[in-house]
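Heads up, the thing below is written out as structure tokens.
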Amino acid sequence: MSTYRDFTAPIGSRRAPVLRTVGTRERRSHLTAPRVPTVGIDIGGTKVMAGVVDADGNILERLRTETPDKSKSPKVVEDTIVELVLDLSDRHDVHAVGIGAAGWVDADRNRVLFAPHLSWRNEPLRDRLAGRLAVPVLVDNDANSAAWAEWRFGAGRGEDHLVMITLGTGIGGAILEDGQVKRGKYGVAGEFGHMQVVPGGHRCPCGNRGCWEQYSSGNALVREARELAAADSPVAYGIIEHVKGNIADITGPMITELAREGDAMCIELLQDIGQWLGVGIANLAAALDPSCFVIGGGVSAADDLLIGPARDAFKRHLTGRGYRPEAHIVRAQLGPEAGMVGAADLARLVARRFRRAKRRRVERYERFAEARRGTTQESL
């Protein structure tokens with residue numbers, strides 16, 4: 001497996017000790033979690049990113065590789081994760097691993113119930129990885145992880161009611177209130193991308209039609225550009241020339257780059273995506289009433305080309321506009337690393353319990369050894 005490695009801090013050469021997992025439920029207080037390095041894994045529809053993160057959210061080292069095709073077995077994805085973690089463990093004292101998965105994770109944060117862009121179906125990811133890695137493992141939705149990171153270290157600092165929206169291959173979402181991620185009764189809250197906004201609309205990989213992410217996501221952006229190019233529309237001549245007629249080469253980052261250079265079609269496509277984004281945010285504001293919406297994911301790199309139209313559409317469609325406080329809409333600060341950083345930071349809460357349990361085991365062993373020595377001396 002080929003990986004891209006980026007060293008951002010000096011690293012040692014000794015192999016890090018491997019620890020054994022003893023607990024699965026996170027501790028709620030990030031303020032008292034151990035200040036130890038942990039590994040965060042962000043698994044998206046196209047890439048797997050792994051990194052060692054310290055207690056202040058700094059990335060000490062990161063690795064990246066392509067996501068195995070969804071036709072591959074779940075074990076192939078697990079093998080990819082294990083290889084990345086073991087590689088990082090060669091150079092870092094890893095205390096726990098956090099996984100941010102692009103899918104529905106159950107309330108116990110063990111099983112990935114469903115992943116539209118991967119082969120996971122009711123997959124016991126946490127238990128399988130913990131057994132292979134022999135470290136505490138926490139699994140959560142990737143948007144939950146990103147929201148946690150932005151609240152702890154990024155654009156959401158100081159907010160007590162925050163909604164995160166991640167625009168990538170699809171749309172992810174997360175709700176955070178008073179320092180806690182709201183996962184819902186069954187763990188699958190925040191799947192905003194699969195709200196149906198156009199009945200009978202575009203088919204979604206989830207199986208439904210008209211999902212929000214089919215109109216405001218990286219896939220939607222690329223689909224619209226390719227359709228215009230395939231139709232040989234005059235407005236698409238610029239991008240057709242840019243890819244030399246190879247329509248399949250059109251990508252989201254390319255559209256953003258051309259929009260920044262002034263390509264009228266690309267600017268219009270981002271405006272369309274932004275308007276759909278604003279409509280969805282207005283609906284979420286009516287239901288959840290947060291103080292802040294943080295927009296992350298790869299498509300958010302378009303910045304005001306996307307978020308400007310989203311703010312305008314939000315103001316036009318907000319229920320009770322003019323008579324209620326309006327949430328502010330901001331771009332995420334941590335970029336594509338947010339999910340990885342958040343997963344690693346959440347994993348520190350598991351490491352806290354692990355360290356306490358380990359200390360209790362040591363204390364019990366010492367008491368047992370002392371009692372045994374006393375019994376031996378009496379017998380003599």
What are the ³J(HN,Hα) values, in whole Hz, obtained from phi via the Karplus relation 6.51 cos²θ - 1.76 cosθ + 1.60 with θ = phi - 60°, for each residue of the stretch 130-142 in sequence order, with x given for Gly and Pro? 4, x, 8, 8, 6, 9, x, 10, 10, 10, 8, 5, 5
At 0.36 nm per residue, minus the direct Cα-Cα distance, what do Leu288 and His161 gain on full extension? Give it in nm, one decimal, please. 44.8 nm
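So for each of 164-175, 270-281 I average, over its residues, the number of other beta carbons within 10 Å; can you give me the resulting order with the highest mean first?
Those peptides, ordered most packed to least, come out 164-175, 270-281.
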Carbon/sulfur accessible area of the stretch 157-329, % of total, 1.4 Å probe, equals 49
Order 180-187, 109-116 from most to least packed using the mean count of other Cβ atoms within 10 Å. 109-116, 180-187
Please compute the length gained on full extension between Asp303 and Asp272, using 0.36 nm multiplied by the number of residues separating them and subtracting their Cα-Cα distance. 9.8 nm
Lys47 and Val197 label points (each 7 Å along its Cα→Cβ direction) are spaced in nm at 2.5
Tally Lys/Arg at +1 and Asp/Glu at -1 over every other residue whose Cβ is under 12 Å from the Cβ of Gln214; what's the total? +1
Multiply the residue gap between Asp108 and Leu86 by 0.36 nm, knock off their C-alpha separation, and tell me the result in nm, one decimal place. 5.4 nm
Between His328 and Asp178, what FRET efficiency comes out of the Förster formula 1/(1 + (r/R0)^6) with R0 = 25 Å and r the beta carbon distance, rounded to 0.05? 0.85
Quick check: the distance between the Cα centres of the stretch 257-313 and the stretch 192-228, to the nearest angstrom? 15
Each residue of the stretch 227-243 in turn: what ³J(HN,Hα) in whole Hz from Karplus with 6.51, -1.76, 1.60 and θ = phi - 60°, glycine and Pro shown as x? 5, 5, 5, 5, 7, 6, 5, x, 6, 9, 4, x, 6, 4, 5, 5, 9
accessible surface per residue for the stretch 163-235, probe 1.4 Å, DNA/RNA/ligands not counted, whole Å² -> 42
Assuming R0 = 41 Å, what is the FRET efficiency of Glu66 and Lys185, from their Cβ-Cβ distance, to the nearest 0.05? 0.75
Please give the net charge around Asp263, taking every other residue with its beta carbon less than 11 angstrom from that of Asp263, where Lys and Arg add +1 and Asp and Glu add -1. -3
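Report the net charge of residues surrounding Lys47, where surrounding means a beta-carbon distance below 13 angstrom and charges are Lys +1, Arg +1, Asp -1, Glu -1.
Summing Lys and Arg as +1 and Asp and Glu as -1 gives -3.
The values are calculated or read from the model by the stated rules, or taken from the named source; none is laboratory data. As the structure is a prediction and not an experimental result, all values here were calculated from the model. Heads up, the Cβs are rebuilt from the backbone with ideal geometry, glycines too, and the neighbour counts pull from every protein chain shown. Ligands, DNA and RNA are stripped out before the accessible areas are found, and what is left, the full protein with its side chains, is counted by its heavy atoms. Shrake-Rupley method; radii C 1.70, N 1.55, O 1.52, S 1.80 Å.
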